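Structure first, commentary second.
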Amino acid sequence: YDGLVLHHAGRMLTAAHGGQILVSDVTASLVQGSLEAGVRLVDLGVYRLRDLPEATRLFQVDYPGAPRTDFGPLAAEAGHRANVPPRFTRFFGRER
């Protein structure tokens, strides 16, 4: 592997905690339909990984018998810089 793929993997590695398995949204979409029983992907949200141009949605891989599944926040900046979620599906607080 060379270039941006290796760099992206390295940045994900530095954001994770010891023993934590992270995958990107691209990998999650590729494996979603073929996970073994009990294995699940937990959506951790969107993060800006250092030196990468775009924010990345990260998932934690949980599996039966995992020694630990409760990790603290990732060592990465949140992908959205505003206090408002990036997508709205409806209006709140509107009255006739």
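General remarks:
- Scanning the stretch 40-62 for residues that are over 20 Å from GLY18 (Cβ atoms) and more than 11 Å from the chain's Cα centre (by Cα) returns ARG40, ASP51, LEU52, PRO53, GLU54.
- Selected residue (criterion: least open to solvent (accessible area, probe 1.4 Å)) from residues of the stretch 40-71 that are aliphatic (A, V, I, L, M) and part of a loop (DSSP other than H, G, I, E, B): LEU49
- If you go through the stretch 46-64 and keep only what is at pLDDT 90 or above and not hydroxyl-bearing (Ser, Thr, Tyr), you end up with VAL46, ARG57, LEU58, PHE59, GLN60, VAL61, ASP62, PRO64.
- Residue, nearest to GLN60 (Cα to Cα), within the stretch 19-39, restricted to residues that are exposed (fewer than 12 other Cβ atoms within 10 Å of the Cβ) and in contact with a Phe, Trp or Tyr (Cβ under 9 Å, 6 or more places away or on another chain): GLY19
- Single condition GLY33 does not satisfy, out of (1) at pLDDT 90 or above; (2) farther than 17 Å from HIS17 by Cβ; (3) more than 13 Å from the chain's Cα centre (by Cα): (1)
The values are calculated or read from the model by the stated rules, or taken from the named source; none is laboratory data. Remember, predicted model here, so these are calculated numbers, not experimental data. FYI the Cβ positions are ideal-geometry reconstructions off the backbone, even for glycines, and counts take in every protein chain you see. Heavy atoms of the whole protein, side chains included, go into the accessibility calculation; ligands, DNA and RNA do not. Shrake-Rupley method; radii C 1.70, N 1.55, O 1.52, S 1.80 Å.
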